[in-house]
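Participant: The structure's right below; bear with me while I get my questions together.
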Amino acid sequence: MPIPSRQIRAVFDAETITVYQAYSPAIAEPALAAQTFVAPFKRERMTWIKPSFLWMMYRCGWASKPGQERVLAVRITREGFAWALAHSCGSHPAEGEAVEDWKARLAAAPVRVQWDPERGPGLERLEHRSIQIGMSGEAVDRYTGQWITAIEDVTDLAARIGAAVAAGRGDEARDLLPVERAYPLTDALAAAAGASQARP
């Protein structure tokens with residue numbers, strides 16, 4: 001079956017969902033030691049999380065881009081993830097929504113959601129999309145203070161998969177990828193996030 005245009009896919013269990021971020025060693029090392037984000041991480045800036053491992057690889061170039069040399073897998077509570085979606089606003093107006101109304105919602109929301117083309121193992125653009133979640137203000141405080149249950153460095157995994165892709169070993173690369181499944185959403189959360197479908 002074709003993948004819905006806007007479906008959240010992730011590694012998750014009964015309690016947590018894994019999202020990815022990439023930072024410089026200066027931010028990653030203290031975060032790994034503290035198992036949450038601490039200085040020099042700047043809480044006043046918007047921070048983006050991505051459930052899609054391959055979209056993160058596209059963004060950080062297999063951990064090769066300056067300031068994104070360390071890839072972190074961050075496990076957060078599903079309750080926190082639901083809060084983020086429930087308090088989000090899309091990066092673009094909803095269908096039929098007046099621009100001024102959308103701008104007011106955007107200014108008030110502590111979470112921003114956008115859907116970008118998903119990527120394949122070769123980082124090629126796919127037809128369906130992947131969610132990015134940007135958090136500011138109260139959402140960042142909740143993320144760093146309440147939601148994070150574990151942070152793992154997956155930079156080596158990123159490098160191994162990237163090397164396999166570069167060498168044309170596609171099967172090996174696919175076998176190493178985290179197994180992401182369709183994430184269940186209530187109707188209300190799917191509507192809030194602009195997802196294509198809900199799976200209660």
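Participant: Take the chain, mark every one of the GluC sites (Glu not before Pro) that falls in a DSSP loop and has at most 14 other Cβ within 10 Å, then report the longest stretch left between them, sites excluded.
Facilitator: Details: sites that count: 15, 44, 95, 97, 124.
The answer is 125-200.
Participant: Work out the length of the dipole vector of region 87-176 about its Cα centre, built from +1 on the beta-carbon of each Lys and Arg and -1 on the beta-carbon of each Asp and Glu, and round it to the nearest 20 debye. Please report the intermediate quantities before stating the final value.
Facilitator: Details: 10 positive and 16 negative charges, 20 e Å.
It comes to approximately 100 debye.
Participant: Same structure, new question: Taking the radius of gyration and the Kirkwood hydrodynamic radius from Cα positions alone, what is the Rg/Rh ratio for the chain, to two decimal places?
Facilitator: 0.96
Participant: Taking every eigenvalue of the Cα gyration tensor of region 117-161, multiplying by 5 and rooting it, what semi-axes result, largest first, whole Å?
Facilitator: Three semi-axes, in Å: 27, 18, 7.
Participant: On to the next question. Looking at the chain as a GNM with Cα springs under 10 Å, which of 25, 121, 51 has the largest mean-square fluctuation?
Facilitator: With Cα springs under 10 Å in the chain, the top fluctuation among 25, 121, 51 is at 25.
Participant: How large is the charge dipole for region 1-100, taken about the Cα centre, if only the Cβ atoms of Lys, Arg (+1) and Asp, Glu (-1) carry charge, to the nearest 20 debye?
Facilitator: Result for region 1-100 is approximately 340 debye, rounded to the nearest 20.
Participant: For residue 166, what charge total do you get from the other residues with a beta carbon under 13 Å from its beta carbon, if Lys and Arg give +1 and Asp and Glu give -1?
Facilitator: Combined, the nearby Lys, Arg, Asp and Glu give +1.
Participant: Which residue, 67, 162, 134, tops the fluctuation ranking in a GNM of the chain built on C-alpha contacts under 10 Å?
Facilitator: So, out of 67, 162, 134, the one fluctuating most is 67.
Participant: Within the set of other residues whose C-beta is less than 13 Å from the C-beta of residue 106, count the net charge using Lys and Arg as +1 and Asp and Glu as -1.
Facilitator: With Lys, Arg at +1 and Asp, Glu at -1, the neighbours total 0.
Participant: I need the fraction of alpha carbon pairs in region 15-93 separated by more than 17 Å, rounded to a whole percent.
Facilitator: Details: 1594 of 3081 pairs.
Taking all Cα-Cα pairs of region 15-93, the fraction more than 17 Å apart is 52 percent.
Participant: Gain in length, residue 186 to residue 159, computed as 0.36 nm per residue apart minus the alpha-carbon separation, to one decimal in nm?
Facilitator: Once the chain is fully extended between residue 186 and residue 159, it gains 6.1 nm.
Participant: For region 1-49, what % of the accessible area comes from carbon and sulfur atoms, probe 1.4 Å?
Facilitator: C and S fraction of accessible area: 60 percent.
Participant: OK, next. Tally Lys/Arg at +1 and Asp/Glu at -1 over every other residue whose Cβ is under 11 Å from the Cβ of residue 93; what's the total?
Facilitator: Result for the local shell: -2.
Participant: Could you check the simple spin-label distance between residue 126 and residue 91, using points 7 Å along Cα→Cβ, in nm with one decimal?
Facilitator: My value for the distance between the label points is 1.8 nm.
Participant: Still on this model: What is the dipole size for the chain, taken about its Cα centre, with +1 at each Lys and Arg Cβ and -1 at each Asp and Glu Cβ, in debye to the nearest 20? Show your work: numbers first, answer last.
Facilitator: Numbers: 23 positive and 24 negative charges, 46 e Å.
Charge dipole of the chain: 220 debye, to the nearest 20.
Participant: May I pose another question? Mind listing P(r) for region 117-199? All alpha-carbon pairs, 5 Å bins, whole percents.
Facilitator: Bins of 5 Å from zero give 3, 11, 14, 16, 20, 17, 13, 6, 1 percent of pairs.
The values are calculated or read from the model by the stated rules, or taken from the named source; none is laboratory data. Values in this document were obtained by computation on a predicted structure and should not be read as measured data. Methodologically, a virtual Cβ is constructed for each residue, glycine included, from the backbone with ideal geometry; neighbour enumeration extends over all protein chains shown. For accessibility, only protein heavy atoms count, side chains too; no ligands or nucleic acids. Shrake-Rupley method; radii C 1.70, N 1.55, O 1.52, S 1.80 Å.
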